[in-house]
Amino acid sequence: MPRNASRTTRTAFANCLPCPKIRLGQARSCVLVLMGVRTDGRKELIALAEGLRESTKSWADLLCDCRRRGTRAPELVVGDGAMGLWRALTEVFPQARHQRCWVHKTRNVVNALPKSSQPGAKKAVQEIYNAEDRDHAEKAVKDFDRAYGAKWPKAVKKVTDETDELLAFYDFPAEHWVHLRTTNPIESTFSTVKLRTRVTRGAGSPAAALAMVFKLAESAQARWRAITAPHLVGLVRNGATFHNGYLVERPEVSAA
């Protein structure tokens with residue numbers, strides 16, 4: 001399993017996303033990617049492994065390997081709707097909170113609607129995750145349900161059934177919301193990896209393919225932009241409470 005050997009394993013949140021198929025060992029396998037944020041705000045590649053996107057075992061093996069190497073449970077994990085990931089997290093890092101990627105969620109909702117309704121629905125979904133606080137976001141969820149629930153309940157349930165996981169980012173610093181709502185840190189990085197692997201038309205063996213993806217990602221890591229307001233990452237890791245993006249001051253304990 002390729003991994004960043006120099007990595008310190010203190011992450012504030014992680015993004016998990018399967019990556020492109022490149023002559024891997026199994027017909028439906030892909031590259032499982034784990035990226036984290038250190039307490040100094042820098043993003044880092046934690047691990048890559050071949051696996052099956054929907055397989056709980058594949059994700060659990062990856063997460064267990066990270067735990068063996070010293071990774072603490074992340075405060076928040078951002079990912080798409082791959083159920084294998086979320087089931088594995090519950091087993092390996094039950095303390096970690098879950099945040100569904102809004103880019104993937106929006107795409108799934110829109111694709112479940114007729115084309116004539118897609119522009120309006122997309123705007124309604126954007127009103128949810130761009131809301132100024134959780135109360136307004138929850139109101140936007142109800143508005144979305146009222147507007148589309150009667151005719152297209154399956155599309156609406158994609159949001160209403162996962163509201164807690166979709167709005168988890170509101171319990172973190174507002175400066176971090178732009179990083180936490182989507183898996184873009186991985187998506188943007190691996191778009192260049194996809195281009196490179198298309199040019200090479202595969203790397204021969206599965207091991208060579210995985211090693212190539214790892215080296216490309218490791219090289220790109222030096223150019224990753226640190227998270228906004230990095231000084232707040234340490235507060236999150238140390239258990240500070242945030243409400244609608246603002247730090248909740250703990251009351252002073254008076255001396256006996």
Practice task
Working only within the range 30-81, note down all residues that are more than 25 Å from residue 207 (Cα to Cα) and of a type in the set (Ser, Thr, Tyr).
Solution key: 39
Completion exercise
Of the residues in the range 207-230, those that are part of a loop (DSSP other than H, G, I, E, B) and among the aliphatic types (A, V, I, L, M) come to 222, 226, 227, 229
Exercise for the section: Consider residue 240 carefully, then state whether it is among the small types (Gly, Ala, Ser) and at pLDDT 85 or above. Expected result: yes
Fill in the blank from the handout: With the first residue restricted to the range 54-65 and required to be at pLDDT below 90, and the second required to be part of a helix (DSSP H, G or I) and open to solvent by 30 Å² or more (accessible area, probe 1.4 Å), Cβ contacts under 7 Å at 6 or more apart or on different chains are 54/83
Practice task
Could you tell me whether the range 116-123 includes any residue that is open to solvent by less than 30 Å² (accessible area, probe 1.4 Å) and either aliphatic (A, V, I, L, M) or touching a residue at least 60 places away in the same chain (Cβ under 8 Å) (or both)?
Solution key: yes
Completion exercise
Flagged in the range 124-135 as without any contact (Cβ under 8 Å) to a residue 24 or more places away in the chain and either hydrophobic (A, V, I, L, M, F, W, C) or surrounded by 15 or more Cβ atoms within 10 Å (Cβ to Cβ) (or both), in numbering order, are 127, 131
Practice task
Kindly provide the set of residues from the range 231-249 that are open to solvent by 50 Å² or more (accessible area, probe 1.4 Å) and assigned to a loop (DSSP other than H, G, I, E, B), ordered by number.
Solution key: 238, 241, 248, 249
Practice task
Six or more apart or on different chains, Cβ under 7 Å: which pairs go from a residue in the range 140-169 that's over 23 Å from residue 242 (Cβ atoms) to one that's assigned to a loop (DSSP other than H, G, I, E, B)? Could you list them?
Solution key: 152/112; 152/113; 154/112; 155/112; 155/113; 156/149; 158/112
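The values are calculated or read from the model by the stated rules, or taken from the named source; none is laboratory data. Since we're looking at a predicted model, the values are computed, not measured. We place every Cβ from the backbone using ideal geometry, glycine too, and count neighbours over all the protein chains shown. We work out accessible area using only protein heavy atoms, side chains counted, and drop any ligands, DNA or RNA first. Shrake-Rupley method; radii C 1.70, N 1.55, O 1.52, S 1.80 Å.
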